[in-house]
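This report refers to the structure that appears directly beneath it.
The values are calculated or read from the model by the stated rules, or taken from the named source; none is laboratory data. Just so we're clear, the structure is a prediction, and the values are computed from it rather than from any experiment. Cβ placement follows ideal geometry from the backbone for every residue including glycine, while neighbour counts extend to all protein chains displayed.
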Amino acid sequence: MILGVHGIGNYKYFRDNGSEEAAAVALAGRWAEALGRNDIAVAYYAHLLHRGTAMGAEDDPLRLEEGAQDLLIEWAELLQPEVRIAQGPRTRRVRQAAEWITVRFGAAARLFAIRFCREVHTYLSTPDSPRRLGARRAVADAIERHRPEVIVAHSLGSVVTYETLWAHQEHDVELLVTIGSPLAMPGVVAPRLVPQGAGMPPRVKRWVNVADVGDVVAIPRGGLRDHFDGVERDVEVVVGQWDFHTATGYLRTAEVAGLLAL
């Protein structure tokens with residue numbers, strides 16, 4: 001059995017299906033279709049991080065909370081280390097960061113970046129917030145229910161999974177596969193982890209990380225092996241120009257399919 005743990009932008013499954021359980025089933029169907037196999041379930045937690053957005057706020061970086069704005073600025077600086085965001089009021093800096101992302105990667109990337117910073121900030125802003133503990137509990141309950149041999153954790157889901165496997169050490173996991181993971185992202189994610197820099201979680205036998213060469217979330221380039229003890233290897237893939245970070249894009253690659261061919 002494979003257990004998937006999703007990343008950002010998946011509240012729509014809860015909105016469209018009406019419950020956490022139905023959302024998990026619907027999302028698992030998408031993952032199963034992409035992977036070409038049916039022995040997969042998904043741990044669902046997106047509804048626990050959803051805070052609602054006012055009309056017009058979805059693509060407006062100035063409507064982010066201050067902490068999320070700081071994440072956007074830090075992330076943009078990581079993506080363009082040769083060009084620093086100009087100093088000055090936060091509002092000017094966050095607008096400049098969003099505009100640079102739009103020019104460099106396109107309007108869709110701007111919307112993704114704002115959503116990413118909003119959800120990452122919601123999860124990481126406080127170590128023991130009800131939302132953070134609830135997301136970890138949702139993943140722990142899914143592990144208890146499905147007893148997976150393999151966990152595939154995408155994007156923010158790799159952060160939730162990492163913390164869950166440290167906090168809930170009840171079950172052995174044969175293989176942890178992180179895809180498009182920001183776990184080692186300096187400033188934005190790595191310093192906020194609980195525990196911080198602790199390496200491979202207990203009772204995980206193998207950990208393999210997969211990142212697309214153009215994935216703007218999988219920062220720093222080069223993978224996780226140099227940042228977390230116990231990572232077996234980093235696998236570089238080419239998902240596609242417009243699909244560089246989606247879970248389904250990763251699941252369709254030959255490299256991920258090969259890792260999961262148990």
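A few notes on this one:
- Test: residue in segment 192-202 that is under 15 Å from the mean Cα position of the chain (by Cα) and either at pLDDT 95 or above or more than 16 Å from residue 250 (Cβ to Cβ) (or both): yes
- From the list 131, 137, the lone residue that is touching a Lys or Arg at 6+ places or on another chain (Cβ under 9 Å) and either among the aliphatic types (A, V, I, L, M) or surrounded by fewer than 23 Cβ atoms within 10 Å (Cβ to Cβ) (or both) is 131.
- A single entry from 198, 247 fulfils the requirement of being farther than 25 Å from residue 111 by Cα and among the aliphatic types (A, V, I, L, M): 198.
So that you can scan it fast, the table gives a plain yes or no per residue for (1) farther than 24 Å from residue 140 by Cα; (2) surrounded by 18 or more Cβ atoms within 10 Å (Cβ to Cβ); (3) among the hydroxyl-bearing types (Ser, Thr, Tyr):
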position: 156; (1), (2), (3): no, yes, no
position: 182; (1), (2), (3): no, yes, no
position: 187; (1), (2), (3): yes, no, no
position: 215; (1), (2), (3): yes, yes, no
position: 229; (1), (2), (3): no, no, no
position: 239; (1), (2), (3): yes, yes, no
position: 255; (1), (2), (3): yes, no, no
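- Test result for residue 128, under 28 Å from residue 233 (Cα atoms) and more than 18 Å from the chain's Cα centre (by Cα): no
- Top-ranked residue in segment 208-262 [being under 14 Å from the mean Cα position of the chain (by Cα) and part of a strand (DSSP E or B); ranked as farthest from residue 177 (Cα to Cα)]: 212
- Within the set 152, 139, the sole residue that is part of a strand (DSSP E or B) and in the same structural domain as residue 39 (by TED's automatic domain parsing) turns out to be 152.
- Residue list for segment 243-261, restricted to those being among the basic types (Lys, Arg) and either modelled with pLDDT of 95 or more or under 13 Å from residue 7 (Cα atoms) (or both): none
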